[in-house]
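**Student:** I have a structure here, written as structure tokens, and I will follow up with some questions on it.
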């Protein structure tokens, strides 16, 4: 039997990576010649299928990995933690799981008592596709059943095992850590503030007064890098301020090697100072207990469960005073320490690697050979071009992002545009949520700064700036509407709270001082407000404004379905999917069936004109109500596609209409060459999009608006794909 462990990026998940290594080693040692185990890793930008390493941001890699698993392995073990894989919330892993033909066992590493809606949906999907869900605490099982609504029959508790070891002698310990001391306090974890190492350092001076020669050893489990190095420096600065610099030492996990349990057993006190109360898994604390260490821990949920029956003692979060008092008591009271050690050792004897692995192998052999059918989907994301914002980034200049390029050369005369920068802000937000790279966060900040610059005074604000910084023309409703829409998307994302505060302030300022009259501007305003209100309730001023703008928008349409012209104006303009999409967004928040009815009618009306013979042809601007011979526009503009894709995606979520899946793919394919001239507007080399196509050619201008439209359509299609999987 061949087993594969599917694991996310090692660098950002040291605890999970450690468990993966231990799991693979234990199964490999306990298995026989008929059992082999390998690991598939999703890394950050690195891909080599021959080494079973894939890029977590590359959609095609998930499909390739699924094919390899289906052809080479019998059972798949998924190491899952929220945000660990690519996509928004790590959702890209569903792409792979949906295509598996072999049984799946999922090990859940991060379980929450208040899971985000997306995380709950991802975990729910994994549960449906998994034969078993393993987690590390009884409380985790209860949360998965109660908060994630997962069938209790699938849930099992999994433990961290320990290998047999011989006690470490004092001289051996001194050589291993390159330090000699009479007494040793040990802590272990990632180089982040959540580990609570500052509390231990702050407690050390008081402990030293009655325990001369005592030292603190911190084992760093983070991967080396700038942030890790800077955090270690901050700890050493704190130690210097407290006068204990010579008594604090930080060493790397890899320098300890396979001696970690022996080191934990040899230490006088192991301290777990984690400040995350809701923690439901701690591999380092588990190893310390299994090794028979004397333990002091904060009251995390996991520690409360693991250290019951007097396997250790506790101190309050961030309380250096209480920690120092408890440390001194433990160092004095040998009988108490011995009791903790004996109870922990007994627990460890019941959780050896052999016992834990045998139990896991029982589950694996139980599910082996079960038939699994891959899910059928209306389209495959793996066939889309991979994310590439090269063109958008090439437009970056001193104040914001320039409006356009011609044959790759930036058009400095066109300058900057508020609407285009607002669209780019939304693209950067979606990309950052999906990829979490600081380069996209910088894009968010740049666009936000430009918007703030232009909107310093809305009454005299201008929608555009020249390259030299001069004002070009008066601010338009459409530009302000797009700004509200994009700021709403930013506010609803997981970016830093400081950025959200700026976005909220701008959004509030615009919405209070601008009264929209144009349908498209109203629609954009509605969309922005719904994004904020879906993310956070309680914004009463936005709720009232949403009702006002939605009613205004709805009132522009015919009140019945008798009339053939189901539109808000007597002439068709641009962005035809925008208003129907806004009405659908409003319907999700406002209990008014009329909004849904009007949105459906409008979408059907537009659809008849621009979706013919299974092809998207957005060439109807200028069509007038009642005219027998319509004068249509010559060009098909890139901005048209994105709103139709978003409208179909939203309608699928609301009405579960499977036809929306095919239509959304059909519209997006227009960018990629499925159009009247058979040429792609999207340029795979630069990641940019040309502004329009005519009867025989592509417009050579590549605009920020068009490129943003393409990528926003891409993100909407990705979101729709996963909605489809979860709905099934």
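The values are calculated or read from the model by the stated rules, or taken from the named source; none is laboratory data. Predicted model only: the values in this text are computed from it and were never measured. Neighbour counts run over all protein chains shown; Cβ positions are idealised from the backbone, glycine included.
**Student:** Among 376, 403, 368, which is touching a strand residue (DSSP E or B) at 6+ places or on another chain (Cβ under 8 Å), within 30 Å of residue 99 (Cα to Cα) and modelled with pLDDT under 95? Break it down stepwise before answering.
**Tutor:** Working: 376 fails: touching a strand residue (DSSP E or B) at 6+ places or on another chain (Cβ under 8 Å); 403 fails: within 30 Å of residue 99 (Cα to Cα).
Exactly one residue qualifies, and that residue is 368.
**Student:** Let me ask something else about it. For a quick check of your reading: which helices (runs of 4 or more DSSP H) sit entirely within segment 314-373 and have at least 3 residues that are more than 27 Å from residue 279 (Cβ to Cβ) and touching a helix residue (DSSP H, G or I) at 6+ places or on another chain (Cβ under 9 Å)?
**Tutor:** Once the helices (runs of 4 or more DSSP H) in segment 314-373 are filtered for at least 3 residues that are more than 27 Å from residue 279 (Cβ to Cβ) and touching a helix residue (DSSP H, G or I) at 6+ places or on another chain (Cβ under 9 Å), what remains is 353-367.
**Student:** Among the listed residues 323, 296, which satisfies the condition of being without any contact (Cβ under 8 Å) to a residue 40 or more places away in the chain, farther than 17 Å from residue 159 by Cβ and surrounded by 20 or more Cβ atoms within 10 Å (Cβ to Cβ)?
**Tutor:** Details: 323 fails: without any contact (Cβ under 8 Å) to a residue 40 or more places away in the chain.
Of 323, 296, the one residue that is without any contact (Cβ under 8 Å) to a residue 40 or more places away in the chain, farther than 17 Å from residue 159 by Cβ and surrounded by 20 or more Cβ atoms within 10 Å (Cβ to Cβ) is 296.
**Student:** Would you pick out the residues in segment 153-177 that are in contact (Cβ under 8 Å) with a residue 60 or more places away in the chain and within 41 Å of the chain's Cα centre (by Cα)?
**Tutor:** Matches in segment 153-177: 156, 158, 159, 160, 161, 162, 163, 164, 165, 176, 177.
**Student:** Within segment 489-516, which residues are assigned to a helix (DSSP H, G or I), under 12 Å from residue 532 (Cβ atoms) and under 18 Å from the mean Cα position of the chain (by Cα)?
**Tutor:** 489, 490, 491, 500, listed by residue number.
**Student:** Still on this structure, please answer the following. Would you confirm whether any residue within segment 159-177 is modelled with pLDDT of 90 or more and farther than 21 Å from residue 256 by Cβ?
**Tutor:** Yes, that holds for at least one residue.
**Student:** Now, a different point. Scan 184, 204 and give me the residue that is under 25 Å from residue 344 (Cβ atoms), assigned to a strand (DSSP E or B), touching a helix residue (DSSP H, G or I) at 6+ places or on another chain (Cβ under 9 Å) and outside the structural domain of residue 139 (by TED's automatic domain parsing).
**Tutor:** Values: 204 fails: assigned to a strand (DSSP E or B).
On inspection, the qualifying residue turns out to be 184.
**Student:** In segment 404-437, what count of residues is obtained for those that are part of a helix (DSSP H, G or I) and out of contact with any helix residue (DSSP H, G or I) (no Cβ under 6 Å at 6 or more places or on another chain)?
**Tutor:** The first filter runs over segment 404-437 and keeps only residues part of a helix (DSSP H, G or I), leaving 418-435.
Keeping just the survivors that are out of contact with any helix residue (DSSP H, G or I) (no Cβ under 6 Å at 6 or more places or on another chain) gives 435.
Here the count works out to 1.
**Student:** Does residue 172 satisfy the condition of being touching a strand residue (DSSP E or B) at 6+ places or on another chain (Cβ under 7 Å), surrounded by fewer than 18 Cβ atoms within 10 Å (Cβ to Cβ) and either over 29 Å from residue 71 (Cα atoms) or in the same structural domain as residue 277 (by TED's automatic domain parsing) (or both)? Reasoning before the result, please.
**Tutor:** Numbers: touching a strand residue (DSSP E or B) at 6+ places or on another chain (Cβ under 7 Å): no; surrounded by fewer than 18 Cβ atoms within 10 Å (Cβ to Cβ): yes; either over 29 Å from residue 71 (Cα atoms) or in the same structural domain as residue 277 (by TED's automatic domain parsing) (or both): yes.
Considered against the rule, which asks whether it is touching a strand residue (DSSP E or B) at 6+ places or on another chain (Cβ under 7 Å), surrounded by fewer than 18 Cβ atoms within 10 Å (Cβ to Cβ) and either over 29 Å from residue 71 (Cα atoms) or in the same structural domain as residue 277 (by TED's automatic domain parsing) (or both), residue 172 comes out as no.
**Student:** Sticking with this structure for a sec: Residue check, residue 444 against (1) assigned to a loop (DSSP other than H, G, I, E, B); (2) within 16 Å of residue 490 (Cβ to Cβ), all met but one. Which one?
**Tutor:** (1)
**Student:** Inside segment 276-310, can you point out the residues that are assigned to a loop (DSSP other than H, G, I, E, B), at pLDDT 95 or above and within 20 Å of residue 222 (Cβ to Cβ)?
**Tutor:** Across segment 276-310, the qualifying residues are 298, 300.
**Student:** Could you please find all residues in segment 1-20 being at pLDDT 85 or above and surrounded by fewer than 17 Cβ atoms within 10 Å (Cβ to Cβ)?
**Tutor:** 1, 2 - these are the residues of segment 1-20 that are at pLDDT 85 or above and surrounded by fewer than 17 Cβ atoms within 10 Å (Cβ to Cβ).
**Student:** Evaluate segment 606-617: report whether one residue or more is at pLDDT below 95, out of contact with any helix residue (DSSP H, G or I) (no Cβ under 8 Å at 6 or more places or on another chain) and surrounded by 16 or more Cβ atoms within 10 Å (Cβ to Cβ).
**Tutor:** Yes: one or more hits.
**Student:** Inside segment 329-377, can you point out the residues that are surrounded by 18 or more Cβ atoms within 10 Å (Cβ to Cβ) and over 35 Å from the mean Cα position of the chain (by Cα)?
**Tutor:** Selection gives 330, 331, 337, 340, 341, 343, 344, 347, 348.
**Student:** To continue, here is another question. Kindly indicate whether residue 680 is within 26 Å of residue 425 (Cβ to Cβ), in a helix (DSSP H, G or I) and in the same structural domain as residue 564 (by TED's automatic domain parsing).
**Tutor:** Values: within 26 Å of residue 425 (Cβ to Cβ): yes; in a helix (DSSP H, G or I): no; in the same structural domain as residue 564 (by TED's automatic domain parsing): yes.
Taking the combined requirement at face value, the residue does not satisfy it.
**Student:** What single numbered condition from (1) in contact (Cβ under 8 Å) with a residue 60 or more places away in the chain; (2) part of a helix (DSSP H, G or I); (3) under 38 Å from the mean Cα position of the chain (by Cα) fails to hold for residue 239?
**Tutor:** Against the list (1) in contact (Cβ under 8 Å) with a residue 60 or more places away in the chain; (2) part of a helix (DSSP H, G or I); (3) under 38 Å from the mean Cα position of the chain (by Cα), residue 239 comes up short only on (1).
**Student:** If you don't mind, another one. Filter the helices (runs of 4 or more DSSP H) completely within segment 517-617 down to those with at least 2 residues that are under 30 Å from residue 678 (Cβ atoms). Step through it out loud before you land on a result.
**Tutor:** Working: elements: 519-535, 540-555, 578-589, 593-610.
Fully inside segment 517-617 and qualifying: 578-589, 593-610.
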